[in-house]
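Quick note: the coordinates plus some simple rules give every number you see, no bench work behind them. These numbers come from a predicted model, not from an experiment. Backbone-built Cβ (ideal geometry, glycine too); neighbour counts: all protein chains shown.
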Amino acid sequence: MINDKAILVGVDGSHASYKATWWAANYAKHAGLTLQIVCAYSLPSYAAVSFDATYTAMGDDNAAHSDAQEILSKAKAIADEQGVEAATLIVTGDPASVFVELSRNYNLIVIGNRGKGGLAERLLGTTSSSLPAYAYCPIVVVPYTDDEGNPMHLNNTITKVAVGSDESKWGIKALEIAADFAATWDAELDVISAVPKMQGVDGDQGVMDAFKEDLDVRVSPILEKYPNLKLNKSVVPGSAVDALTKASHTHDVVVVGSRGRGGFTGLLFGSTSQGLLQHAVNPVYVVPRKYVEAAETRLDTVPSSPAEVPTKPIDDISGVEEVSVPTAGIEQAHDIESAIDPLHKS
């Protein structure tokens, strides 16, 4: 059921999660990866905190299981529309902890953001338990709306990728992955280095020049590996979150590293006014701390390959069940796709 060429996408019946399914299926098709879809719920209050809709009586496991299957059926139809055959899973219990354990077994996990409650809130709600900070594989967070509530359009083809890079191992790994991602799509890559405001040195040309020199050093091996990659470098003063949030308006994907506690976690989550995941208008590709540390164990690190993270048999992860569900009708899939992205063209 699990293999090293699989993407996992989480759904809860919300438009945000169906949009994440569309993105995951589109990427899986392009990259030649398999797709698996998981629906999570918890009892006795699944209707309030797990599914993004009104369902039958709380505490009824049979009803919850049936609802999960219906959600998976619709998500499977969206994947089918992309030409991707998807396997389906149901998770019961606390989704945050289960998804962290599942992340040992996948190349990538995709989740939707800005749904009203539901799975997004459970997986992105707090820094201490958030999936992007603690997963063993990279996470892509797909926004559903902008800050004004307008549904965001996702392109079928990725043409521009931005990455936030610094001299840390997390920043370097994010740069490597972003370069590989951009090369896979034959996309343009913009590498952004932010110079934080420091008392007494704001706007100092010497500081800016030093950051530019450091960026040149980091980018040099990337250009050697990908000689045909169109790569742009920029050093900008001020907040990294501001720079990357701004970049999300003009790029199809923004890549960033996460140190876990502290560091870029503040950039990813932070307060309502600061968090990148809360304000980005295109998908954010997060390279978690555990993934970077695992990659360090490889003698020959290849960004597009899984890091050396020990997999965990599904039987050893409590609450995970593989299920077979029928695919919803093509008309229903079209209705969902029109609702989540009116500008989308198959």
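Remarks
- Burial order of peptide ranges 63-69, 229-235 (average beta-carbon count within 10 Å, highest first): 63-69, 229-235
- Fully extending the segment from Asp335 to Gln69 would add 93.9 nm, taking 0.36 nm per residue of separation and subtracting the current Cα-Cα distance.
- Over 31 Å between alpha carbons, listed pairs Lys5/Lys169; Lys225/Lys290; Lys233/Lys290; Lys76/Lys233; Lys212/Lys312: Lys76/Lys233; Lys212/Lys312
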